[in-house]
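What follows is one structure encoded as structure tokens, with my remarks underneath.
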Amino acid sequence: MLTRLQAANDYIANNQHKVTNRPHFHFTPEIGWINDPNGFSFYKGEYHLFYQLNPYDIVWHNIHWGHATTNDFLNWSYKPVAMANDKTYDANGCFSGSAIEKDGKLHLLYTGHIDPNLQYAKDESQIKQYQCLAVSEDGIHFEKHASNPVIAETELPEGYLICDFRDPKVWEVNGTYYCVIVVRNAQRRGEILMFKSDDLVQWSFASSIYEVKFEENTLLECPDFFHLDGKDVLFFSVMPCDPEFEEQVTRKVAYAIGTLDYESGKFNVESEDLIDYGSNFYAPQTTSGEHGERLLIGWMQSWTQAKPPAGFEFNGMMSMPRQLSVVGNQLLQKPAQSVAQSFKHSSTHENIQLQANESFELMNAEAAHIQLAVPAAANNHFVVELQKNEQQSARIVVDIAAGKLVLESDYSNEQAVEIAIAAGQSLTLDVYIDLYSIELFVNAGEKVCTLTSYEPKGSLIALRAVGEAAISEAVCSTFVNE
Ligand code: FRU
């Protein structure tokens with residue numbers, strides 16, 4: 001009999017040719033549904049990216065771990081599916097987790113999801129989320145560990161609910177392994193717990209490092225934790241804690257910067273903000289890169305997004321990988337170097353001055369990078385029109401006097417996103433446009449906003465003045481994968 005893993009690989013081999021409409025520089029699955037990036041790591045000379053995958057359909061179900069490797073984040077090599085949900089402890093899905101190298105072997109720490117009533121009414125008393133280990137000698141074939149689950153009821157302290165206990169992110173300090181895991185506490189709210197281990201197999205509870213405020217009515221997912229530029233950084237994704245808060249809580253991805261005291265287990269938070277202001281970015285994960293740099297990749301979609309149009313054989317993309325730094329308790333993000341370098345200069349325009357409603361066409365391209373330097377002129381008010389045809393576009397509205405940017409799109413049902421900027425001050429915008437996505441980096445990555453749509457109907461890029469507009473420099477580049 002075919003194993004679930006073989007069945008998934010056979011299905012992919014026989015059907016992946018159906019996907020013919022991939023974006024130019026964003027990762028997509030061979031076929032089917034993807035959500036969170038998992039096990040993002042640099043192992044044996046290449047980057048490994050695993051991801052939540054349902055190969056059989058473009059909806060979330062029966063989650064496997066898909067796998068691909070790359071050296072430049074542009075040319076990917078798909079690998080066999082790493083794990084299928086084929087054990088009693090992960091029967092209803094191999095949920096998110098992370099990777100770490102130990103003794104030359106790649107270790108995956110992930111969540112085994114058990115829900116006998118999947119697809120029917122949610123019965124919390126029957127749902128269990130266990131942390132499990134899988135090990136590989138070659139980075140391709142993974143063996144689930146005989147001691148699984150490695151973190152379960154015995155390790156979880158009293159007062160926490162095992163039905164929402166997931167997404168372990170592992171790291172190592174001086175020979176000790178640590179992981180952060182999100183959990184639902186007795187107040188039904190989100191909390192992040194830290195566990196520790198000497199061997200990745202025997203784990204014990206260390207401390208609770210983060211807790212949401214009760215009145216926020218939220219649960220957390222996909223934590224990440226790393227040390228960068230002298231600070232400790234905690235990432236998490238935020239969702240409503242119960243269905244009755246679905247309307248009032250918007251999903252978002254946030255970071256907290258501070259210091260973790262490993263002795264007391266306390267994480268002292270000094271600043272908090274959003275990682276991405278858009279509603280099409282979720283569950284990012286980081287790794288230490290080839291040169292020790294900190295790289296992030298995120299699921300460029302979210303749980304609220306509608307299905308892609310008929311004929312799409314894949315659903316879900318990954319964001320551009322972004323290199324991170326921490327300056328003055330603020331997270332800065334910029335596209336990973338190999339991706340940033342793959343845009344070739346096509347034109348530069350200096351001192352563009354426009355009267356109300358006047359337009360200036362920059363370029364016509366499906367995949368491009370445009371960089372705008374916007375002077376502080378108080379009445380500067382204009383629109384960057386993207387994916388534009390005669391009637392429709394996606395837009396970045398720049399209003400210097402009001403101190404805000406607005407991202408909106410005729411191709412998306414999502415609400416317009418507003419980003420506050422310092423009123424009356426100059427600013428830079430870096431916009432990366434691909435077939436189905438726009439990623440905006442404001443002021444060299446102080447704020448980032450991602451917007452996706454599978455149905456853009458144009459490829460013009462233009463500026464249009466609302467009041468008067470002044471752009472001191474516009475540099476246009478086209479994506480070229482050589
Ligand atoms: C986040 C998430 C994780 C979970 C996974 C299931 O998007 O809900 O918490 O592990 O997706 O696919």
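Here, each number is a calculation from the coordinates, and none is a lab measurement. Here the structure is a predicted model, which is why all the values come from computation and not from measurement. Cβ: placed from backbone, ideal geometry, glycine included. Neighbour counts: every protein chain shown.
Worth a mention:
- An ellipsoid equivalent to segment 169-236, defined through the eigenvalues of its Cα gyration tensor, has semi-axes of 23, 15, 8 Å when rounded to whole angstrom and sorted largest first.
- Rg and Dmax of segment 322-396, Cα atoms only, in Å: 15.6, 44
- Compared with the dominant principal axis of the Cα atoms in the chain, helix 4-15 is inclined by about 30°.
- Percent of Cα pairs in segment 108-154 per distance bin of 10 Å, from zero to the largest separation: 25, 39, 26, 9, 0.
- Over the chain, relative contact order from alpha-carbon pairs under 8 Å, at least 6 apart, %: 12 percent
- Cα-derived Rg over Rh, computed across segment 159-206 with Rh taken as Kirkwood radius: 1.02
- D (Stokes-Einstein, µm²/s), Kirkwood Cα radius, segment 38-117, 0.890 mPa s at 25 °C: 185 µm²/s
- Computed from label points 7 Å out along Cα-Cβ, the spacing between D242 and H141 is 4.9 nm.
- Descending semi-axes in whole angstrom, ellipsoid equivalent of segment 244-305, from the Cα gyration tensor: 26, 19, 9
- Ordering K457, K213 by the number of other Cβ atoms within 10 Å of each residue's own Cβ, fewest first, gives K213, K457.
- A cut-off of 5 Å between modelled amide H atoms, ignoring neighbours fewer than 5 places along the same chain, links S459 with K388.
- For the chain, the Cβ-based charge dipole about the Cα centre amounts to some 480 debye (Lys, Arg positive; Asp, Glu negative; other atoms uncharged).
- In a simple Cβ point-charge model (Lys, Arg +1; Asp, Glu -1; nothing else charged), segment 115-217 has a dipole of about 260 debye relative to its Cα centre.
- For segment 127-229, GluC sites (Glu not before Pro) meeting the loop criterion (DSSP other than H, G, I, E, B) and having at most 13 other Cβ atoms within 10 Å: E137, E153, E158.
- Taking the convex hull of Cα positions in the chain, its mean projected area over all directions (nm²): 22.7 nm²
- The GluC sites (Glu not before Pro) of segment 389-426 that DSSP puts in a loop, and whose beta carbon has at most 11 other beta carbons within 10 Å, are E390.
- Simple spin-label estimate for E172 and Q330 gives 3.6 nm between the two label positions (7 Å along the Cα-to-Cβ direction from each Cα).
- Value of D in µm² per second that Stokes-Einstein yields for segment 184-279, Kirkwood Rh from Cα pairs, at 4 °C (1.567 mPa s): 90 µm²/s
- Share of Cα-Cα pairs in segment 82-135 lying beyond 15 Å, as whole percent: 49 percent
- Distance violations [Cα-Cα > 23 Å] among K102/K231; K144/K266; K334/K404; K102/K266: K102/K231; K144/K266; K102/K266
- The label-point distance for S472 and F312, in a model that sets each label 7 Å from Cα toward Cβ, rounds to 4.0 nm.
- For segment 1-138, the residue among G45, P116, Y56 whose Cα projects farthest onto the positive side of the dipole built from Cβ charges is Y56.
- Remark on L427: its backbone amide H falls under 5 Å from those of V374, a criterion applied only to residues 5 or more positions apart or on other chains, H modelled at 1.01 Å from N.
- A Cβ-based charge dipole, computed about the Cα centre of segment 1-67 with Lys and Arg at +1 and Asp and Glu at -1, lands at about 60 debye.
- Alpha-carbon gyration tensor eigenvalues x 5, square-rooted, for segment 330-482, Å: 21, 18, 17
- Ordering of 471-478, 57-64, 199-206 by packing is 471-478, 57-64, 199-206, highest average first (other Cβ atoms within 10 Å, averaged per residue).
- Virtual paramagnetic centre 7 Å along Cα→Cβ of R188, amide N under 19 Å, in segment 233-256: 238-251
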